[in-house]
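The values are calculated or read from the model by the stated rules, or taken from the named source; none is laboratory data. Just so we're clear, the structure is a prediction, and the values are computed from it rather than from any experiment. Methodologically, a virtual Cβ is constructed for each residue, glycine included, from the backbone with ideal geometry; neighbour enumeration extends over all protein chains shown.
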Amino acid sequence: MRERPAGLSDDDLVRGLADGWGLRARELVYLPVGAGGYHWAVDGQWFVTVSVTDLDRVERALGTAVALRESGLEFVLAPIRAHDGAAGRRFTPRHLLSVYPMVDGVAGDFGPHPAEDRERVLDLLIELHGAGAAPDGAEAPRTDLRLPGRAGLEAALDDLAGPWRGGPCGEPAREILAANAGVIHGWLAEFDRLAGAAGDPAGWVITHGEPHPGNVLHTPAGLLLIDWDTVLVAPAERDLWMLTDAMIGSATGEAGTEIRGRPVSTELIAFYRLWWMLADIAIYADELRREHGDGPDPASSLGYLANYFG
């Protein structure tokens, strides 16, 4: 998120921090990082995030992260509770605010985990999944196995005669989708087929959703998992696929049927890889089909869209 959110001022943020956490913010530095929200460093002590989509789900996800941390999972970098006990607070009708301690550490880059980190990350995920589906105080949202943004993606695929005049990246995006519409339709059909492998929901667990290197913080005290707004109760493969050959950018090949002696569904590994790709494509198609400016965010989205077919 290189561009700041529309309709949100520093004064709004200062008021939200004061009202919710009693913080008297003096210095706010916008951090153009990440893709799931907007971030600021506040007074060199706090890492502040503003979420603008799916606020009900994000509230429950952040509350689950706090509950996991308080249950003893010390690798969970969870938000600090506000005065009213909430993990996140809506300080405008369209903005959810959460506050984290500023931690000394370095995160990786999106892609496959380095070989030297995979076992340690797997340890964290096994511990997380061992928490089951409902630790005390958690009300984690559950997956419905549907593709977010699917209706918008299908609308875009039905609108390829064009032109897309919402902004400078509209027509290039339409051309990419038009050239690859058959491929995308095939992926959607395979996604629907693979969803049938999800099994009994009684065996689903709390999953992080995006445990790639960019969300693993290396600190002097060990590894921390960050960015918990994507939490869902789901099959464990939702996390584990990022430690297999199916991970985007890694070598091709079949994932094993076991991890540490635990059975792993190769169909669900394939399902979650498709989920990731199609959810991204849906976001970019919707963004670039609508009105947009000539800033860096639409240009980045166009580049990411092209990469899926390059």
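Details
- Filter pass, Gly20 being among the small types (Gly, Ala, Ser), farther than 14 Å from Thr230 by Cα and buried (at least 16 other Cβ atoms within 10 Å of the Cβ): yes
- Taking every residue in segment 185-206 that is in a helix (DSSP H, G or I) and pairing it with any residue that is among the basic types (Lys, Arg), at least 6 positions away or on another chain, the pairs with Cβ-Cβ distances below 8 Å are Leu188/Arg150; Pro201/Arg142.
- Filter pass, Leu153 being out of contact with any helix residue (DSSP H, G or I) (no Cβ under 7 Å at 6 or more places or on another chain), surrounded by 13 or more Cβ atoms within 10 Å (Cβ to Cβ), modelled with pLDDT of 95 or more and within 25 Å of Ala234 (Cα to Cα): no
Every residue, every condition in (1) touching a residue at least 60 places away in the same chain (Cβ under 8 Å); (2) under 30 Å from Leu125 (Cβ atoms); (3) in the same structural domain as Tyr284 (by TED's automatic domain parsing); (4) part of a helix (DSSP H, G or I), yes or no:
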residue: Arg4; (1), (2), (3), (4): no, no, no, no
residue: Asp12; (1), (2), (3), (4): yes, no, no, yes
residue: Asp19; (1), (2), (3), (4): yes, no, no, yes
residue: Leu23; (1), (2), (3), (4): yes, no, no, no
residue: His39; (1), (2), (3), (4): no, yes, no, no
residue: Phe47; (1), (2), (3), (4): no, yes, no, no
residue: Thr53; (1), (2), (3), (4): no, yes, no, no
residue: Leu62; (1), (2), (3), (4): yes, yes, no, yes
residue: His83; (1), (2), (3), (4): yes, no, no, no
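- Within segment 156-170, being exposed (fewer than 13 other Cβ atoms within 10 Å of the Cβ) and either farther than 18 Å from Glu291 by Cβ or touching a residue at least 40 places away in the same chain (Cβ under 8 Å) (or both) holds for Asp158, Ala161.
- Residues in segment 227-244 that are part of a loop (DSSP other than H, G, I, E, B) and buried (at least 22 other Cβ atoms within 10 Å of the Cβ): Asp227, Trp228, Asp229, Val231, Pro235, Ala236, Thr244.
- Residue match in segment 136-143 (condition: of a type in the set (D, E, K, R), at pLDDT below 95 and either in a strand (DSSP E or B) or out of contact with any Lys or Arg (no Cβ under 8 Å at 6 or more places or on another chain) (or both)): yes
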